[in-house]
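Enquirer: Please see the structure below; I have some questions.
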Amino acid sequence: MLVMMQAHATEEEIRAVCRKIEELGYRAHPIPGATRTAIGITGNAGPVDSSALEALAGVAECIAVSKPYKLVGREVKEEDTAVDLGDGVCIGGVELAIIAGPCAIESREQAFAIAAAVRAAGARLFRGGAYKPRTSPYSFQGLGEKGLEILAAVRAKFGLKIVTEAIDNESLEQVEQYADVIQIGARNMQNFSLLKRAGRSSKPVLLKRGLSATLDEFLMAAEYILAEGNYNVILCERGVRTFADHTRNTLDLSVIPAVKRLSHLPILVDPSHGTGRREKVLPLSRAAIAVGADGLLVEVHHQPDQALSDGYQSILPAHFEQLMDEVRQIAAVLHRSVPAPEARTPAVKTR
Ligand code: PEP
Ligand code: MN
């Protein structure tokens with residue numbers, strides 16, 4: 001059930017409707033829109049009797065939600081959600097969000113070298129795992145809190161916003177103290193206790209699509225986070241498992257317009273895990289932007305041959321610079337933008 005407020009409804013009227021919903025034993029989710037506020041109702045086992053709500057001041061109408069998800073759908077909010085990270089960095093706005101960095105944080109030197117390069121190319125967000133979900137228990141599992149400290153140092157030095165993964169409720173406690181955006185990985189897309197915990201965090205959440213998740217399963221996973229009161233969710237397509245073996249996963253770019261039709265949430269594309277092959281990252285980045293993604297999540301490493309994880313799909317800083325340049329031009333066709341590269345310090349002339 002959705003309570004649609006009138007366009008001129010006051011804050012007090014909206015609060016009164018929320019109070020009434022809570023009195024009835026449900027949870028109220030006021031979601032402001034461009035012209036009016038919609039209040040989503042969750043926590044009801046069956047249909048909600050709307051008569052008590054329709055009578056309240058400022059209420060335009062109560063409508064039944066036709067989709068299984070209530071808060072991520074366009075029914076509750078017609079216009080796109082933009083997640084504001086402060087300092088002019090936004091995910092889902094006109095400017096595309098390009099998140100770049102290594103798969104895993106390996107050392108301060110490694111993180112700083114890559115951060116300097118991606119920042120120079122125009123990236124405003126830096127990625128890097130401190131907690132790594134690895135297929136093998138014998139593979140590098142990440143530096144843990146030390147990795148988070150390095151990420152905090154990257155933010156302080158380069159002014160980049162930090163995106164890093166929480167793999168369980170314990171690591172989320174730590175990650176939310178350091179990160180600007182908490183990543184929930186593909187393998188955890190249906191870890192419902194982790195989703196609920198992320199829903200109680202004050203930090204935005206980047207939710208990656210599960211390895212074999214349908215669109216409905218993906219959106220329902222996001223719904224778990226919003227249902228707990230965290231409306232700052234960013235979706236990320238990262239490829240699904242298919243029979244194809246020319247790539248690590250099959251990047252499902254058709255999911256972008258499908259998500260855009262059903263949901264107001266921003267969606268990014270990860271061409272690195274999506275293909276698993278360095279040489280495919282650039283072409284699929286171009287395509288992702290052309291198809292309407294709100295940005296990219298790209299693995300970049302200055303020494304990919306020595307990377308402790310995902311080196312074969314990490315691109316070099318020079319390739320990332322080219323990627324930014326090409327994506328910038330494609331974005332312009334769609335009336336979107338990509339931050340400009342930093343001005344290079346002019347070479348000092350010596351006599
Ligand atoms: C990652 O972003 O490093 C990662 C592990 O991604 P995914 O969860 O999509 O495999
Ligand atoms: Mn990786």
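The values are calculated or read from the model by the stated rules, or taken from the named source; none is laboratory data. Keep in mind the model is a prediction, meaning the values are calculated, not measured. No Cβ is skipped: glycine too gets one built from the backbone with ideal geometry, and neighbour counts run over all protein chains shown.
Enquirer: Restrict the check to region 154-170 and report whether at least one residue is buried (at least 22 other Cβ atoms within 10 Å of the Cβ), assigned by TED's automatic domain parsing to the domain that holds K196, within 13 Å of ligand 1 (Cβ to nearest atom) and more than 22 Å from V281 (Cα to Cα).
Expert: Yes, the conditions are met somewhere in region 154-170.
Enquirer: So which residues in region 105-123 are of a type outside the set (G, A, S) and either crowded, with 24+ Cβ neighbours inside 10 Å or without any contact (Cβ under 8 Å) to a residue 40 or more places away in the chain (or both)? Give the derivation first.
Expert: First, the residues of region 105-123 that are of a type outside the set (G, A, S): 105-106, 108-110, 112, 114, 118-119.
Scanning region 105-123 gives I105, E109, I114, V118.
Enquirer: Filter region 281-309 for residues that are of a type in the set (D, E, K, R) and touching a helix residue (DSSP H, G or I) at 6+ places or on another chain (Cβ under 7 Å); which is nearest to ligand 1 (Cβ to nearest atom)? Spell out the reasoning first.
Expert: Just the residues of region 281-309 that are of a type in the set (D, E, K, R), to begin with: 286, 294, 299, 305.
From the residues that got through so far, the ones that are touching a helix residue (DSSP H, G or I) at 6+ places or on another chain (Cβ under 7 Å) too are 286, 299, 305.
Values: R286: 20, E299: 7, D305: 18 Å.
Ranking the candidates gives E299 first.
Enquirer: May I pose another question? I'd like to check something: does region 88-98 contain any residue that is farther than 30 Å from T37 by Cβ and either buried (at least 19 other Cβ atoms within 10 Å of the Cβ) or of a type in the set (S, T, N, Q) (or both)? So that I can check it myself, show each step before the final result.
Expert: Initial filter on region 88-98 (farther than 30 Å from T37 by Cβ): 98.
Add one more test, that the residue is either buried (at least 19 other Cβ atoms within 10 Å of the Cβ) or of a type in the set (S, T, N, Q) (or both), and what stays is 98.
Yes, because at least one residue in region 88-98 is farther than 30 Å from T37 by Cβ and either buried (at least 19 other Cβ atoms within 10 Å of the Cβ) or of a type in the set (S, T, N, Q) (or both).
Enquirer: Being under 20 Å from A222 (Cα atoms), acidic (D, E) and within 14 Å of ligand 1 (Cβ to nearest atom) is the requirement here; does D270 meet it?
Expert: Yes; evaluated as a whole, the condition is true for this residue.
Enquirer: Look through region 121-149, keep the residues that are outside any loop (DSSP other than H, G, I, E, B), away from ligand 2 (no atom under 14 Å from the Cβ) and of a type outside the set (A, V, I, L, M, F, W, C), and return whichever of them is farthest from the chain's Cα centre (by Cα).
Expert: K146
Enquirer: Follow-up. Among the strands (runs of 3 or more DSSP E) confined wholly to region 223-328, which include 2 or more residues that are over 18 Å from A82 (Cα atoms)? Explain how you work it out, then say what you get.
Expert: Working: elements: 233-237, 267-269, 295-299.
Counting at least 2 such residues, we get 295-299.
Enquirer: So, one more: Here are some residues: T37, T42. Which one is closer than 29 Å to T214 by Cβ and either buried (at least 17 other Cβ atoms within 10 Å of the Cβ) or of a type outside the set (A, V, I, L, M, F, W, C) (or both)?
Expert: Values: T37 fails: closer than 29 Å to T214 by Cβ.
Among T37, T42, only T42 is closer than 29 Å to T214 by Cβ and either buried (at least 17 other Cβ atoms within 10 Å of the Cβ) or of a type outside the set (A, V, I, L, M, F, W, C) (or both).
Enquirer: Within the bounds of region 184-204, is there any residue that is in the same structural domain as N249 (by TED's automatic domain parsing), in contact with a helix residue (DSSP H, G or I) (Cβ under 7 Å, 6 or more places away or on another chain) and touching a residue at least 60 places away in the same chain (Cβ under 8 Å)?
Expert: Pass one, region 184-204, residues in the same structural domain as N249 (by TED's automatic domain parsing): 184-204.
Restricting the remaining residues to those that are in contact with a helix residue (DSSP H, G or I) (Cβ under 7 Å, 6 or more places away or on another chain) gives 184, 188-190, 192-199, 201, 203.
Filter once more, keeping what is touching a residue at least 60 places away in the same chain (Cβ under 8 Å): none.
Among the residues of region 184-204, not one is in the same structural domain as N249 (by TED's automatic domain parsing), in contact with a helix residue (DSSP H, G or I) (Cβ under 7 Å, 6 or more places away or on another chain) and touching a residue at least 60 places away in the same chain (Cβ under 8 Å), which makes the answer no.
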